[in-house]
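The values are calculated or read from the model by the stated rules, or taken from the named source; none is laboratory data. Being a predicted model, the structure only gives us computed values, none of them experimental. Virtual Cβ from ideal backbone geometry, glycine too; neighbours counted across all protein chains shown. Protein only, heavy atoms only, side chains kept; ligands, DNA and RNA dropped before computing areas. Shrake-Rupley method; radii C 1.70, N 1.55, O 1.52, S 1.80 Å.
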Amino acid sequence: MPSSKSRHVALLRGVKVGGRNQLPMKELAAIFTKAGCGDVATYIQSGNVVFSASEALARRVPGLLSRAIADELGLEVPLLTRTAAELRDVVRQNPFLRAGADLQSLHVGFLAARPVASRVALLDPKRSPPDEFVVKGREIYLRLPNGAGNSKLSNQYLDSRLGTVSTVRNWRTVLQLLEMTG
């Protein structure tokens with residue numbers, strides 16, 4: 001891999017194993033390769049892609065690949081990216097790790113844009129007890145003791161309050177994606 005290319009992670013929202021928005025990972029990887037990304041690897045059938053790209057290409061990946069997925073597969077799915085270094089920081093900065101939280105309860109909401117403080121203030125900390133969250137930059141760290149499926153801190157809720165697009169991954173997936181950027 002040439003030194004001008006670095007590792008990145010793409011996170012697609014709303015991709016499912018079955019039913020609506022089914023997106024075979026082999027086809028997704030091919031779309032990334034066709035766009036000029038190298039060393040493309042996917043992780044589980046839920047829209048996680050690790051790839052290498054120049055800085056210029058990496059900046060264009062969210063829009064470029066969202067359009068390509070829509071054109072080639074007929075799916076409209078938001079796509080967010082992080083560099084390997086950004087993902088490393090996400091892991092390092094999880095406030096719930098210092099508090100000794102159960103790793104199974106941890107999730108990260110990746111945001112397309114950093115929300116302004118007035119939007120963050122719209123999030124209700126009592127919306128879904130005993131769930132907790134902390135917004136840091138373009139991430140929202142979540143502790144969901146009863147599981148993501150039982151939480152009222154949904155993508156729709158987060159997006160409407162924060163004024164951006166979010167996609168959530170469990171902690172195990174975040175760690176695996178970081179390892180894959182290796």
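Return the label of the correct value of Rg and Dmax of the Cα atoms in Å, as calculated from the structure shown, out of [x] 16.2, 49; [y] 20.2, 76; [z] 14.9, 43.
Given [x] 16.2, 49; [y] 20.2, 76; [z] 14.9, 43, the calculated one carries the label [x].
Hey, got the dipole for segment 27-182? About the Cα centre, +1 on K and R Cβ, -1 on D and E Cβ, debye to the nearest 20?
520 debye
Roughly how far apart, in whole Å, are the Cα centres of segment 72-94 and segment 111-127?
That distance is 19 Å.
Given springs between every Cα pair under 10 Å in a Gaussian network model of the chain, which of SER154, SER46, SER118 has the largest fluctuation?
Maximum among the listed residues: SER118.
Give me the percent relative contact order of the chain, please, defined on Cα pairs under 8 angstrom at least 6 residues apart.
The value is 23 percent.
With the crude spin-label approximation of a point 7 Å out along Cα→Cβ, what separation in nm comes out for SER6 versus VAL91?
Between SER6 and VAL91, the simple spin-label model gives 1.6 nm.
Going through segment 56-152, which GluC sites (Glu not before Pro) have at most 15 other Cβ atoms within 10 Å and a DSSP loop state?
Answer in residue order: GLU76.
Trypsin sites (Lys or Arg not before Pro) within segment 54-132: which are DSSP loop residues with at most 11 other Cβ atoms inside 10 Å?
LYS126
How much solvent-accessible surface does ASP71 expose, in Å² to the nearest 10, with a 1.4 Å probe and all protein chains in place?
Estimated to the nearest 10 Å², ASP71 gives 130 Å².
Given a 1.4 angstrom probe, I'd like the percentage of the accessible area of the chain that is carbon and sulfur, rounded to a whole number.
Reported share for carbon and sulfur atoms: 51 percent.
Hey, what number do you get for the chain at 222 nm if only DSSP H runs of n ≥ 4 count, each worth -39500 (n - 2.57), divided across all residues, to the nearest 500?
Theoretical 222 nm ellipticity from helices: -10000 deg cm²/dmol.
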